[in-house]
Ligand code: NI
């Protein structure tokens, strides 16, 4: 298994719209394993394929403290959205930034599992936030896009500075 490199905001590849998975093959299954490993290693609760520069609709999520409740969503689709909630969000592609974002409270989701089987479920609270955040990634949207231009630009220049420093130090 491999730890994958995560694209950092404002990398333009984070704005690519992911295509639906047509047929789940070994490449997808290997990717899911590596995405899961990468998410756990980086202490994330969700990771979208877009973030590792693979532009097909795959998400891994685990919001459990014990990291033993993995949810894999292939071609996820949010069917229903109700209510609203605000949550302090972070993202592995936007390191060290946490900002409040308003999302739907409850959602109904359909997706395929790793065997290609359809399933549907309802999510609320943190799981709902996380799914909405990750589906956004597949649609080329990062959570900072919900913030004011001023805030977003501040975050952008801060992250660009950090990345330049890393380049100079060859990290
Ligand atoms: Ni994210």
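Just the residues that are surrounded by fewer than 18 Cβ atoms within 10 Å (Cβ to Cβ), within 16 Å of the ligand (Cβ to nearest atom) and more than 18 Å from residue 87 (Cβ to Cβ), please, taken from segment 97-151.
139, 140
Which condition from (1) modelled with pLDDT under 95; (2) within 13 Å of the ligand (Cβ to nearest atom) is the one that residue 91 breaks?
(1)
Residues in segment 68-75: is at least one buried (at least 16 other Cβ atoms within 10 Å of the Cβ), closer than 19 Å to residue 9 by Cβ and in contact (Cβ under 8 Å) with a residue 24 or more places away in the chain?
no
Confirm whether residue 159 is within 16 Å of the ligand (Cβ to nearest atom) and at pLDDT 95 or above.
Here the answer is no, as residue 159 does not meet what is asked.
What's the number of the condition residue 75 fails, among (1) closer than 17 Å to residue 137 by Cα; (2) within 16 Å of the ligand (Cβ to nearest atom)?
For residue 75, the exception is condition (2).
Going by the structure shown, is residue 91 surrounded by fewer than 15 Cβ atoms within 10 Å (Cβ to Cβ) and under 15 Å from residue 6 (Cα atoms)?
So residue 91 fails the test.
Just a yes or no: is a residue in segment 45-62 within 13 Å of the ligand (Cβ to nearest atom), in a loop (DSSP other than H, G, I, E, B) and in contact (Cβ under 8 Å) with a residue 12 or more places away in the chain?
Yes, segment 45-62 contains at least one residue that is within 13 Å of the ligand (Cβ to nearest atom), in a loop (DSSP other than H, G, I, E, B) and in contact (Cβ under 8 Å) with a residue 12 or more places away in the chain.
The values are calculated or read from the model by the stated rules, or taken from the named source; none is laboratory data. As the structure is a prediction and not an experimental result, all values here were calculated from the model. Because the Cβ atoms are built from the backbone with ideal geometry, glycine has one as well, and the counts that use them run over all protein chains shown.
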